[in-house]
Amino acid sequence: MTSMLLWFMGAAILATTCSAESDKSAFCFSGKARVSVYGKGSILMSELSVGDFVVTGNDKERYEQVYAFGHYKERADPIEFLAIHTFPFDRNKRPLEITGQHMVYLHNKQNPVRADSLKVGDILRGDHYTGLTVTKIKKVKRREQYAPLTPHGTLLVDGIVASSYISLQEDAREHIELGENGFTVKISQRVMVHMFLSPLRMYCLGWSKEPCDSYNEDGLPPFVAFGLNLADWGIRQNVFVQLIGLAVFFMILLPVYLIEDLAGPEHGPLMLVIAIFTLVLYKKSNYRVRIKIRHHGQ
């Protein structure tokens, strides 16, 4: 375990990306995975685009828009994926190809688990909460790697409900352990990364999609590349600086996240502007009241 509290932020940033120096840090779906898209039917992950509406496996929101990719690239060197075979199956169904640290949902369980924690006999959540029993898990090598992001962080891939995110902890439990003595923070990486991406969701869905579909030479969008650099810098700082960074992280992102949750990502930007404008007016009127009271007191 790292003793760096900025690892907490780094986990959130890294959980969106497949940018890998090695197989261990590759988090994504293979290009051969299939998703169901509104108006297009079943397509390969490599054919999925920002703006497409995919089946999520979430009964509340049947289709959700892909607002960005955490990674979008075909690598020169292949990386390792797990090919997860399930039953019941039909002749057209392929195994789910996913990296080990990516998360999937078990049947009738609220929180997702890492793919590399699955074993034969586990029951995964399928569409409409059907159960799919794991019958075989193999390792395969693929070059294409994609990490689509949806507003609620889930999507149906090869008939299995999967998360858009990964877990850097082996058991993906709902708290994060920091420090050599096992200091715990009662919040999961999944919640942290979802909060971290709140401004991006509101921008991509409420303002413009164009910047959300651009990538550098490593296949990383600008927000992920910036986040990785920030996390790398933060991890090398002392604990005092990291505590300040963590406090700033929550002070900035928690209000934005709550506004998004209240208004939705499409209307979040407008609500945020209204909230800031209201706060400025309140501060200004409060200042005038204090001035008047001061004058009356004199």
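The values are calculated or read from the model by the stated rules, or taken from the named source; none is laboratory data. Keep in mind the model is a prediction, meaning the values are calculated, not measured. Cβ coordinates were reconstructed from backbone atoms using ideal geometry, including for glycine residues, and neighbour counts include every protein chain displayed.
Miscellaneous remarks
- Hey, Tyr129 within 19 Å of the chain's Cα centre (by Cα) and not hydrophobic (A, V, I, L, M, F, W, C) or not: no
- One residue stands out among those in segment 37-86 that are β-branched (Val, Ile, Thr) and under 17 Å from Leu220 (Cα atoms): the one that is surrounded by the most Cβ atoms within 10 Å (Cβ to Cβ), which is Val66.
- Residue that is surrounded by the most Cβ atoms within 10 Å (Cβ to Cβ), among those in segment 102-142 that are in a loop (DSSP other than H, G, I, E, B) and touching a residue at least 24 places away in the same chain (Cβ under 8 Å): Pro112
- Some residue of segment 237-255 being assigned to a helix (DSSP H, G or I), at pLDDT 75 or above and closer than 30 Å to Arg143 by Cα: no
- Verdict on Gly234 being under 19 Å from Phe69 (Cβ atoms) and either under 18 Å from the mean Cα position of the chain (by Cα) or buried (at least 19 other Cβ atoms within 10 Å of the Cβ) (or both): no
- Any chance Asn216 is farther than 20 Å from Leu149 by Cα, modelled with pLDDT of 75 or more and surrounded by 11 or more Cβ atoms within 10 Å (Cβ to Cβ): no
- Of all residues in segment 183-199 being more than 9 Å from the chain's Cα centre (by Cα) and part of a loop (DSSP other than H, G, I, E, B), the one that is modelled with the lowest pLDDT: Lys186
- Members of segment 201-231 that are assigned to a loop (DSSP other than H, G, I, E, B), among the hydrophobic types (A, V, I, L, M, F, W, C) and under 17 Å from the mean Cα position of the chain (by Cα): Leu220
- Which numbered condition Glu64 misses (of (1) farther than 30 Å from Pro211 by Cβ; (2) modelled with pLDDT of 90 or more; (3) out of contact with any Lys or Arg (no Cβ under 7 Å at 6 or more places or on another chain)): (1)
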